[in-house]
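Shown next, in structure tokens, is the structure this report addresses.
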Amino acid sequence: MRTQVVIIGSGPSGLLLGQLLHRRGIDAVIIDRVSRDYILGRVRAGVLEEGMVRMMQEAGASARLESEGLPHDGFSLAFDGRDHRINLHQLTGGKRVMVYGQTEVTRDLMDCREAAGATTIYEAANVQPHDFDGENPYVTYEKDGATHRIDCDFIAGCDGFHGVSRKSVPEKSIKEFEKVYPFGWLGILAEVPPVSHELIYANHPRGFALCSMRSTTRSRYYVQCPLDDKVEDWSDDRFWDEIRRRLPAQHAEAMVTGPSFEKSIAPLRSFVTEPMRFGRLFLAGDAAHIVPPTGAKGLNLAASDVHYLSQGLIEYYTDKSSAGIDAYSAKALSRVWKAVRFSWWMTTMMHRFPDTGDFGQRIQEAELDYLVHSKAASTSLAENYVGLPY
Ligand code: RFL
Ligand code: PHB
């Protein structure tokens, strides 16, 4: 088989790239090692920047997002028993974010791809990119007992943090930057109305808590937990008790509880790969970088990578110019590092760190108090939260 671009990974990065290329007449095949249903069973991001919404519109996949997504003009920072609203809309001159689950983003993109008749190969084993440092790259995979080969012009590595693309690059050609945090997030989904119509990020001496949502009837809540905790350690009752203790009294009292139908623990990490291009292989999304979820930036960074990469590839095929693909890595990394900085900062300010004790707690409270009362500091927070321009 031959195609123009092989995209490894059918997550939001790969699907968005595939759709943008398809709409400009560029052929791409997507290969994933798991099934469509498995991908749609993963519960992940929930907050979309306006840039991501624009990308979904450009991909022709925004109809449901526009009718069912929840626009949010602000969020709350809770600490020291009180609640302070950050008015995103006012502080950024009219910008907002959209609450719409990553699962739904993925489903919408998959549906568009199917309607367009584009090829996606699911449940492909041992996917491997080859010869991307030369002119004739190709990808091999195993399926139904046979080994297959797809020849192409370019390979897009959109296969997440644990994917094969980044690992295929020789060690001497790549530099990795990493910070691992000494805690995780325990998250649940429950069919209960959200405690507030906006998100609440809470700093508390017992640890961070976040109240988010997927709809007006479905809540997504998180609490900071030790890294070695297991999901089995957390009954629903223990979770509800703990999150209530970390919230200001009016929210704790108003919180509606119920059985959870999803519960998982995610470790927190900051990670960046430089560069993001190796000959005819490009990395995009979580394959190239990871941020802790505190700033809601992971999926949104995947979207800005895909913006730069799709523009570069479209320029290559329509104008016969390599300028866009040559600039891809530098442009993407410049935005990536700013989001990595913001996510690290928000994580550092909001979580209980095992080694900083009560001193660290007071410093965080002082910073939060400054942040919510200084227009300059609130504006900086809001500008980063709604997403830097691209
Ligand atoms: P994905 O979604 O991991 O998709 C990668 C795909 O590649 C496939 N794959 C392979 N295919 C073939 N061969 C191989 N060897 C392969 N290895 C892997 C996988 O099966 C998969 O289908 O990466 P992508 O597309 O770059 O998307 C990135 C986002 O998923 C991620 O950044 C966000 O979920 C991060 N994130 C959040 N981002 C936000 O912007 N806002 C949020 O509110 C937000 N909340 C979160 C989050 C991530 C979380 N977790 C669980 C890490 C909340 C949480 C709890
Ligand atoms: C979510 O709804 O899953 C969510 C929201 C905001 C974050 C992280 C996750 O910062």
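Residue-level check: of (1) exposed (fewer than 14 other Cβ atoms within 10 Å of the Cβ); (2) under 22 Å from Arg96 (Cβ atoms), Lys320 misses just (2). Residues considered: Arg238, Arg220, Arg244. Of these, the only one that is within 12 Å of ligand 2 (Cβ to nearest atom) and of a type in the set (Lys, Arg) is Arg220. The sole residue among Pro182, Pro205 that is assigned to a loop (DSSP other than H, G, I, E, B) and more than 16 Å from ligand 2 (Cβ to nearest atom) is Pro205. What are the residue pairs meeting all of these: first residue in the stretch 27-47, first residue of a type in the set (D, E, K, R), second residue more than 16 Å from ligand 2 (Cβ to nearest atom) and in a helix (DSSP H, G or I), Cβ atoms under 8 Å, and 6 or more apart or on different chains? Close Cβ pairs satisfying both conditions: Asp27/Leu21; Asp32/Gly14; Asp32/Ile39; Arg36/Met110. Exactly one residue out of Gly9, Gly46, Gly41 is modelled with pLDDT under 95 and surrounded by 21 or more Cβ atoms within 10 Å (Cβ to Cβ), and it is Gly46. Within the stretch 9-48, the set of residues being away from ligand 2 (no atom under 16 Å from the Cβ), more than 16 Å from Asp286 (Cβ to Cβ) and assigned to a loop (DSSP other than H, G, I, E, B) comprises Arg24, Gly25, Ile26, Asp27, Ser35.
Taking the stretch 141-168 as the search range and keeping residues that are within 23 Å of the chain's Cα centre (by Cα) and among the hydrophobic types (A, V, I, L, M, F, W, C), which one is nearest to ligand 2 (Cβ to nearest atom)? Only one residue tops the list, namely Phe161.
When every residue of the stretch 72-81 is checked against the conditions, at least one turns out to be of a type outside the set (Gly, Ala, Ser) and under 19 Å from the mean Cα position of the chain (by Cα).
Does Ala249 fit the bill of being of a type in the set (A, V, I, L, M), modelled with pLDDT of 95 or more and surrounded by fewer than 24 Cβ atoms within 10 Å (Cβ to Cβ)? Break it down into steps so the answer makes sense when it comes.
Details: of a type in the set (A, V, I, L, M): yes; modelled with pLDDT of 95 or more: yes; surrounded by fewer than 24 Cβ atoms within 10 Å (Cβ to Cβ): yes.
Criteria met by Ala249.
The values are calculated or read from the model by the stated rules, or taken from the named source; none is laboratory data. Everything numeric in this text was worked out from a predicted model, so none of it was measured. Cβ sites come from the backbone with ideal geometry, for glycine too, and all protein chains shown count toward neighbours.
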